[in-house]
2 protein chains.
Amino acid sequence: MGEFDLIERYFKRPVNRAVLGVGDDCALLQPSPGTQLAISCDMLVEGRHFLSTTDPFKLGHKALAVNLSDLAACGARPLAFTLALALPRAIDSWLAPFSQGLLALADAHGCELIGGDTTQGPLNICITVFGEVPVVKGRSQALLRSGAQVGDDLYVSGTVGDARLALEVFRGTVSLPAPVFDAARLRLEQPTPRVALGLALRGIATAAIDVSDGLLGDLGHILKQSGVGATVDTEVAINLIASYAECTGARGQFNTEIKAEQWLGWALAGGDDYELLFTAPAAARTLVAAAADISQTPVTRIGHIGLEHGLRLVDGDGQYVPNTYSSFDHFA
Amino acid sequence: MGEFDLIERYFKRPVNRAVLGVGDDCALLQPSPGTQLAISCDMLVEGRHFLSTTDPFKLGHKALAVNLSDLAACGARPLAFTLALALPRAIDSWLAPFSQGLLALADAHGCELIGGDTTQGPLNICITVFGEVPVVKGRSQALLRSGAQVGDDLYVSGTVGDARLALEVFRGTVSLPAPVFDAARLRLEQPTPRVALGLALRGIATAAIDVSDGLLGDLGHILKQSGVGATVDTEVAINLIASYAECTGARGQFNTEIKAEQWLGWALAGGDDYELLFTAPAAARTLVAAAADISQTPVTRIGHIGLEHGLRLVDGDGQYVPNTYSSFDHFA
């Protein structure tokens with residue numbers, strides 16, 4: 001199979017919203033009047049972002065999901081994406097499920113594949129995604145990292161820590177009961193981009209980021225860019241791990257050897273969660289609850305924004321807990 | 001050096017035309033009213049698109065140049081780009097010259113770096129570039145592959161074949177006198193995107209493509225998408241190789257062992273030329289000459305578009321020449 005056959009067979013699709021899709025030197029997009037284009041780009045490398053044994057269907061899903069997650073964190077509506085793919089060999093048994101997983105998620109979000117590149121090389125998936133954000137009375141509705149205000153509540157969507165836990169099982173550092181592992185593995189391999197929540201939070205959240213490198217590390221970006229500090233409740237955070245509730249919580253039905261500090265580490269610095277971490281005024285709690293409801297996405301208040309710079313962890317009684325959790329760095 | 005230091009040190013730059021650049025979940029672009037966004041994406045892999053010994057400054061230039069070349073072929077004005085970079089190690093002695101070569105070309109074209117991704121992995125450079133095309137009275141001014149008409153002239157800009165010739169010298173299949181090799185190597189390592197010519201050809205050219213996989217192969221895309229055929233003059237084509245004129249032509253001052261068929265093969269199917277191949281009505285010859293003049297880019301008429309499908313090669317006397325030239329395919 002040659003390069004052009006490969007594109008024709010798996011990646012050439014009719015476009016609706018784009019003016020021109022795959023097959024020319026450029027794709028053409030005509031943004032709606034009164035909107036800005038939100039653009040993000042994520043590259044996934046074998047061995048670094050996924051294991052060589054990962055199911056190609058799930059990999060196709062994840063490659064787009066992590067990009068849609070960036071649009072979600074910006075409050076942007078997905079429009080289109082480009083795909084650049086380096087492959088050791090052009091094999092049907094890999095390309096067919098990969099393209100199916102990718103395009104199924106794309107269709108679910110009305111996000112069109114408009115162009116890209118394919119080449120021979122070590123497996124590398126690079127997606128650039130485009131979304132639309134309205135500009136209302138000259139003001140962009142984009143959710144930025146820089147808008148957190150002193151007194152704001154701090155929230156996170158869904159669950160965190162389970163993706164890292166699944167990775168640790170693959171690495172052999174912990175073991176888990178099969179049903180708990182299966183659920184955690186789904187979070188690692190097929191994360192859910194919180195697009196609907198991001199859209200619902202426009203005009204409500206003051207700042208947002210998606211949790212990809214770990215909750216505290218990504219919170220650090222909000223704090224730095226907003227020039228504020230934060231306090232995070234570790235008791236709440238540890239309960240955000242779905243596996244923790246299964247194994248150790250009130251509903252706990254499994255015994256594990258995992259210690260509380262380890263659980264907390266995965267919650268605070270696990271990475272690969274693709275949940276939204278966001279701030280909103282305390283006066284907007286009803287609006288946040290409504291946004292969670294409309295988007296059918298659970299959100300949990302895990303702390304608040306303060307004047308004093310830096311990050312403080314407290315336990316359930318409000319006592320300070322030392323912060324020894326660092327986030328993921330690709331070159332550390 | 002960590003991931004965020006690396007971005008801060010080499011790739012975070014103030015933006016002018018973009019609303020928001022590097023440092024949030026998404027970049028924000030606000031296209032001008034009455035324009036479309038042209039988008040293209042190219043991935044460069046070590047060993048496939050460049051040699052591991054390539055000077056990082058030149059590699060930075062080339063990585064953006066091949067993307068700008070796609071905008072040129074679309075008649076789009078460069079606006080911005082994203083860079084995704086997989087690197088084995090974050091080393092200053094590589095990153096400093098790479099970013100300098102990249103950003104020097106970006107500055108020359110007013111093309112802003114607005115976002116991207118960096119990760120650890122086998123060296124892979126993926127750039128997505130954004131340009132602007134006006135829409136006049138509801139009609140896009142983009143140059144497409146599909147507009148060639150029977151009777152149109154066929155043109156190519158600059159010179160072709162020299163990049164492939166330099167590659168063959170690196171591969172050891174031919175040898176060249178040093179000054180000829182130096183010039184050819186520059187074409188391989190620092191191609192010139194024909195952005196100004198692409199802009200000048202709006203409203204004049206009926207179809208355009210950039211020559212990256214080889215002249216005949218890329219012409220094939222125009223023919224297929226326009227539903228027409230073409231005749232190409234091999235006598236003109238062989239003289240488009242700058243090295244040929246140096247070695248063998250009227251001004252020839254060097255003797256080489258290279259045969260005419262080999263020269264012609266590099267002209268017609270060399271690849272990596274990044275010249276514009278375009279069609280325009282025979283009645284527009286003066287306008288084409290003016291566009292070449294305004295953009296300070298030489299163009300040569302190498303054939304014409306005909307009704308009969310397929311591609312015909314003729315020699316200087318108009319006699320048919322067998323077509324045994326195939327273009328580059330990354331998976332062939």
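The values are calculated or read from the model by the stated rules, or taken from the named source; none is laboratory data. None of the values given here were measured: they were computed from a predicted structure. When we count neighbours, we look across all protein chains shown, and the Cβ atoms used for this are built from the backbone with ideal geometry, even at glycine.
Residues that are in contact (Cβ under 8 Å) with a residue 60 or more places away in the chain and either in a loop (DSSP other than H, G, I, E, B) or β-branched (Val, Ile, Thr) (or both) within segment A:258-289 comprise A:Ile258, A:Gly270, A:Gly271, A:Asp272, A:Asp273, A:Tyr274, A:Thr279, A:Pro281, A:Val288, listed in sequence order.
What do you reckon, is A:Asp107 closer than 30 Å to A:Gln141 by Cβ, within 22 Å of the chain's Cα centre (by Cα) and surrounded by fewer than 18 Cβ atoms within 10 Å (Cβ to Cβ)? Spelling it out, A:Asp107 is indeed closer than 30 Å to A:Gln141 by Cβ, within 22 Å of the chain's Cα centre (by Cα) and surrounded by fewer than 18 Cβ atoms within 10 Å (Cβ to Cβ).
Which of the residues that make up segment B:134-160 are among the hydrophobic types (A, V, I, L, M, F, W, C), surrounded by fewer than 22 Cβ atoms within 10 Å (Cβ to Cβ) and either away from every other protein chain (no Cβ under 13 Å) or closer than 18 Å to B:Ala282 by Cα (or both)? Steps first, please.
Step one: of segment B:134-160, the residues among the hydrophobic types (A, V, I, L, M, F, W, C) are B:135-136, B:142-144, B:148, B:150, B:154, B:156, B:160.
Filter once more, keeping what is surrounded by fewer than 22 Cβ atoms within 10 Å (Cβ to Cβ): B:135-136, B:150.
Of everything in segment B:134-160, those that are among the hydrophobic types (A, V, I, L, M, F, W, C), surrounded by fewer than 22 Cβ atoms within 10 Å (Cβ to Cβ) and either away from every other protein chain (no Cβ under 13 Å) or closer than 18 Å to B:Ala282 by Cα (or both) turn out to be B:Val136, B:Val150.
Picking from residues in segment A:29-46 that are at pLDDT below 90 and part of a strand (DSSP E or B), the one that is farthest from the other protein chains (Cβ to nearest Cβ) is A:Glu46.
Of the numbered criteria (1) modelled with pLDDT of 95 or more; (2) in contact with a strand residue (DSSP E or B) (Cβ under 8 Å, 6 or more places away or on another chain); (3) on the phi < 0 side of the Ramachandran plot, the one A:Gly75 fails is (3). Residues in segment A:164-188 that are buried (at least 23 other Cβ atoms within 10 Å of the Cβ) and of a type in the set (Gly, Ala, Ser): A:Ala166, A:Ala184. The listed residues are B:Ile127, B:Ile114, and the only one of them that is hydrophobic (A, V, I, L, M, F, W, C) and over 19 Å from the mean Cα position of the chain (by Cα) turns out to be B:Ile114.
To keep it simple, each residue is scored yes or no on (1) part of a loop (DSSP other than H, G, I, E, B); (2) of a type in the set (A, V, I, L, M); (3) at pLDDT 95 or above; (4) touching a Leu at 6+ places or on another chain (Cβ under 6 Å).
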position: B:Leu199; (1), (2), (3), (4): no, yes, yes, no
position: B:Arg202; (1), (2), (3), (4): yes, no, yes, no
position: B:Ala205; (1), (2), (3), (4): yes, yes, yes, yes
position: B:Ile209; (1), (2), (3), (4): no, yes, yes, yes
position: B:Thr231; (1), (2), (3), (4): no, no, yes, no
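For segment A:53-90, a residue qualifies if it is within 13 Å of chain B (Cβ to nearest Cβ), outside any strand (DSSP E or B) and free of Cβ contacts under 8 Å to residues at least 60 places away in the same chain, and the qualifying residues are A:Pro88, A:Arg89. Residues in segment A:290-326 that are in a helix (DSSP H, G or I) and surrounded by 15 or more Cβ atoms within 10 Å (Cβ to Cβ): A:Ala291, A:Ala292.
Just for segment B:197-217: of the residues that are charged (D, E, K, R) and either within 21 Å of B:His304 (Cβ to Cβ) or surrounded by fewer than 23 Cβ atoms within 10 Å (Cβ to Cβ) (or both), which one is farthest from the other protein chains (Cβ to nearest Cβ)? If we take residues in segment B:197-217 being charged (D, E, K, R) and either within 21 Å of B:His304 (Cβ to Cβ) or surrounded by fewer than 23 Cβ atoms within 10 Å (Cβ to Cβ) (or both), then B:Arg202 is farthest from the other protein chains (Cβ to nearest Cβ). Scanning segment A:105-133 for residues that are in a strand (DSSP E or B) and of a type in the set (D, E, K, R), we see that the one that is nearest to the other protein chains (Cβ to nearest Cβ) is A:Asp117. The one condition from (1) more than 7 Å from chain B (Cβ to nearest Cβ); (2) surrounded by 20 or more Cβ atoms within 10 Å (Cβ to Cβ); (3) in contact with a Ser or Thr (Cβ under 9 Å, 6 or more places away or on another chain) that A:Gly21 does not meet is (3). Restricting attention to segment B:93-123, the residues being in contact (Cβ under 8 Å) with a residue 60 or more places away in the chain, within 19 Å of B:Ser69 (Cβ to Cβ) and out of contact with any helix residue (DSSP H, G or I) (no Cβ under 8 Å at 6 or more places or on another chain) number 1. Among residues that are out of contact with any strand residue (DSSP E or B) (no Cβ under 7 Å at 6 or more places or on another chain), part of a loop (DSSP other than H, G, I, E, B) and touching a residue at least 12 places away in the same chain (Cβ under 8 Å), A:Pro193 is included. Considered as a group, the residues in segment B:243-288 that are among the polar types (S, T, N, Q) and surrounded by fewer than 18 Cβ atoms within 10 Å (Cβ to Cβ) include one that is modelled with the highest pLDDT, and that residue is B:Thr286.
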